[in-house]
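Trainee: Pasting a structure here, questions to come.
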Amino acid sequence: MEMKTQSHSDSERQGPVYLLWDESQFWGILLWRCLAAWHVPLRLVRAADIARGLLRESPPAALFVPGGWARLKAHALGPEGRRAVNEYLHAGGTYLGICGGAGLALPDNGGLALCPLCRKPVDDRLPNFSGYVTAAPLRPHALVPGDCPPLIHLPVWWPSQFTAPQGPGVEILASYVQPGPDFWVSDLPLEQIAVEERASCEQLYGINLDPELIRGEPCVVSGTLGQGRYILTYAHLESPASPMANSWLGHILSLLSGQPFGLSNSLTAPDWDLAGTNVVWDEPGLTALAEDLESIIRLGTRHFLLFWRYPWLLGWRRGIPGFVLTTLYAQVQTIRSLKPNPRAQAYWNQAADELRHQMRLFRKKMEFYLVGERLAMHTSTYSPQLNSRIRLHEQRKELIGRFPGHGGLFGSMAASLDELVWLAAEPAGHDS
């Protein structure tokens, strides 16, 4: 694919990468850590900044949008913000969307409609798959590393799926081939489920478990809009310990910055051991938040409801809100790993008492809920189980709200911690 010359001046295009922070939480931290470790000139921006004209007044080298719920991102941007992103691409900008950020670029669910593809209907796709997939990259292509092998392992974390492109205009940069290492569907490691047993598991779970549903499907796509371009990937190229994915992201960054492509070969995302966080902001209140979350995780682990899938990501039994706990713990540990600046310190001083109160309540209720879930696993199918499930549902709603689980006590705490992460991390990402 021949890269079009952008309308923005060379000096503008050599500016920082913007990372849209809103409605990303854990995934925003994951991408920020990777880019900051690589010393990418970076600015964390808010949807409100974009709606007020930031992309027009100070166009970035690229707009990066991390994972998270696309619908919530679209709502945060609002009509003015969505229009501003569209205008930025038409004027020659570059948009990189990862997972939820890729979904935001599609036309459905109030998205940006940068790309004509839509999401595949739920009943036709493989739901809740995660781990590594074997993918076939398009070679040769300017957006694909020249030394990329014919098959690579790419990390995916519960993505949606693109509809297959109909006609020209969208290039498939990588397609799914088959499950790779540590490939799960829901809470089932697929390599440990015999093919002949999958039909019975599907009946039990009520979802598709056949990985053939993703074979040949688009994983990474690209296209142009006006004088600009978009790159959309359901693979998380910023994931730790994923050298092939990291190299690809580094290659894209080299292209955007005009650096030699070979520099990307040595780039790997930094390791992330949440429990082993190097504490810089040694604030007793933050320590208490971490200890409360560690207590919940230990209890969930003892009851076989949680486990550490990676040092940076919990695994969980189906239905257990393990990602909620991963998010809160990652937020708290990220804050503790950063040197507080005056704005972050002032925000903490104002929010600390309420956060501590909420976390104590959250710990008490979450531990009670997890024990209830463990007991319910061993309850027979007569009516008291139904009553138990109703009670558990109400407890869960109080803890995390309704689907997709961004409300309740968790939603309130995560919003405050997200603001604190942004205040503490944003200056660290600047090329100042």
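Each value in this text was obtained by applying a stated rule to the coordinates, not by laboratory testing. Only a predicted model underlies this, so the values are computations on that prediction, with no experimental measurement involved. With ideal geometry, Cβ positions are generated from the backbone for all residues, glycine too; neighbour counts draw on all protein chains shown.
Trainee: Can you tally the net charge around L72? Count Lys and Arg as +1, Asp and Glu as -1, for every other residue whose Cβ sits under 9 Å from the Cβ of L72.
Mentor: On the way: positive: R71, K73; negative: D22, E23.
In short, 0.
Trainee: What is the set of long-range amide H partners of I231 at a cut-off below 5 Å, with H atoms built 1.01 Å from backbone N?
Mentor: Y95, L96, G97
Trainee: Work the Kirkwood hydrodynamic radius out for the range 1-145: mean of 1/r over every pair of different alpha-carbon atoms, inverted, in Å.
Mentor: On the way: mean 1/r = 0.0618 Å⁻¹.
Computed over Cα pairs of the range 1-145, the Kirkwood hydrodynamic radius comes out at 16.2 Å.
Trainee: Taking H placed 1.01 Å from N in the peptide plane, check which residues at least 5 places from A174 or on another chain put their amide H under 5 Å from its amide H.
Mentor: Under 5 Å from the amide H of A174 lie the amide H atoms of L138, C219, V220, each far enough along the sequence or on another chain.
Trainee: Continuing with the same structure: Determine the principal axes of the Cα atoms in the chain, then give the extent along each, sorted from largest to smallest and rounded to whole angstroms.
Mentor: Dimensions of the chain along the principal axes of its Cα atoms: 66, 58, 40 Å.
Trainee: Related question: Which percent, nearest 5, of DSSP beta bridges in the chain are antiparallel?
Mentor: Details: 32 of 47 bridges.
For the chain, the DSSP antiparallel bridge percentage is about 70.
Trainee: Would you kindly state how much longer the chain becomes between C118 and F307 on full extension, computed as 0.36 nm times their sequence separation minus their alpha carbon distance, in nm to one decimal? List each step's numbers first, then the result.
Mentor: Details: separation 189, 0.36 × 189 = 68.04 nm, distance 3.43 nm.
Gain on extension, C118 to F307, equals 64.6 nm.
Trainee: Let me ask another. D for the range 115-202, whole µm²/s, Stokes-Einstein with Kirkwood Rh over alpha-carbon pairs at 20 °C and 1.002 mPa s: what number? Can you show the working numbers first?
Mentor: Numbers: Rh = 14.7 Å.
Translational D for this selection: 146 µm²/s.
Trainee: Considering the dipole of the range 92-192 built from charges on the beta carbon (Lys and Arg +1, Asp and Glu -1) around the Cα centre, which of Y176, G93, L112 is farthest to its positive end?
Mentor: G93
Trainee: Follow-up question, since we're still on this one. Only Cα pairs within less than 10 Å get springs; with that Gaussian network setup on the chain, which residue of P60, P168, P16 has the largest fluctuation?
Mentor: Among P60, P168, P16, the largest mean-square fluctuation in the Gaussian network model of the chain belongs to P168.
Trainee: Which residue fluctuates most in the GNM of the chain (Cα springs below 10 Å): G206, G322, G97?
Mentor: Judging by the Gaussian network model, the answer is G206.
Trainee: Convex hull over the Cα atoms of the range 10-266, averaged projected area in nm²?
Mentor: On the way: hull surface 52.8 nm².
It is 13.2 nm².
Trainee: Follow-up. From the backbone phi of the range 125-138, what are the Karplus-calculated ³J(HN,Hα) couplings (6.51 cos²θ - 1.76 cosθ + 1.60, θ = phi - 60°) in whole Hz, Gly and Pro given as x?
Mentor: Computed from phi, the couplings for the range 125-138 are 10, 8, x, 6, 9, 7, x, 10, 10, 8, 10, 10, x, 7 Hz.
Trainee: Another one. Could I get the Rg over Rh figure for the range 284-429? Both from C-alpha atoms, Rh via Kirkwood, rounded to two places.
Mentor: Working: Rg = 16.4 Å, Rh = 16.1 Å.
Rg/Rh for the range 284-429 comes to 1.02.
Trainee: Please give the residues of the range 308-352, grouped as numeric ranges, whose backbone N is less than 17 Å from a label point set 7 Å along the Cα-to-Cβ vector of D273.
Mentor: The answer is 308-314, 330, 333-334, 337, whose backbone nitrogens lie closer than 17 Å to the label point.
Trainee: For the range 62-77, take each phi angle, set θ = phi - 60°, evaluate the Karplus expression 6.51 cos²θ - 1.76 cosθ + 1.60, and give the result in whole Hz per residue in order, putting x for glycine and proline.
Mentor: Working through the residues one at a time gives 6, 9, 9, 10, x, x, x, 6, 4, 4, 5, 5, 4, 5, 5, 5 Hz.
Trainee: For a quick check: with amide H placed at 1.01 Å from N, whose amide H comes under 5 Å from W281's, ignoring anything fewer than 5 positions away on the same chain?
Mentor: S337, L338
Trainee: Here is a follow-up. Give me the net charge of H378's neighbourhood, meaning all other residues with Cβ under 14 Å from the Cβ of H378; Lys, Arg count +1, Asp, Glu -1.
Mentor: +2
Trainee: Can you give the Rg to Rh ratio for the range 263-347, taking only C-alpha atoms and Rh from Kirkwood?
Mentor: Details: Rg = 14.9 Å, Rh = 14.2 Å.
Taking Rh as the inverse mean 1/r over Cα pairs, Rg/Rh reads 1.05.
Trainee: Apply the Karplus parameterisation 6.51 cos²θ - 1.76 cosθ + 1.60, with θ equal to phi minus 60°, to every residue of the range 37-48 and state each ³J(HN,Hα) to the nearest whole Hz, in sequence, with x for glycine and proline.
Mentor: The phi angles translate into 5, 8, 6, 6, x, 9, 9, 7, 10, 9, 4, 5 Hz.
Trainee: Restricting the count to DSSP beta bridges whose residues both fall in the range 10-266, what percent are antiparallel, rounded to a multiple of 5? Walk me through the numbers before you get to the answer.
Mentor: Values: 28 of 43 bridges.
The antiparallel fraction comes to roughly 65 percent.
Trainee: Would you check the chain for Lys pairs whose C-alpha atoms are within less than 29 Å, ignoring same-chain pairs closer than 8 in sequence, and give me the count?
Mentor: Details: K4/K73; K73/K120; K73/K339; K73/K397; K120/K397; K364/K397; K365/K397.
Count of close lysine pairs: 7.
Trainee: Report the semi-axes of the equivalent ellipsoid for the range 164-323 in whole Å, largest first, where each axis is √(5λ) for an eigenvalue λ of the Cα gyration tensor. The partial results should precede the final answer.
Mentor: Numbers: eigenvalues 217, 160, 36 Å².
So the three semi-axes of the range 164-323 are 33, 28, 13 Å.
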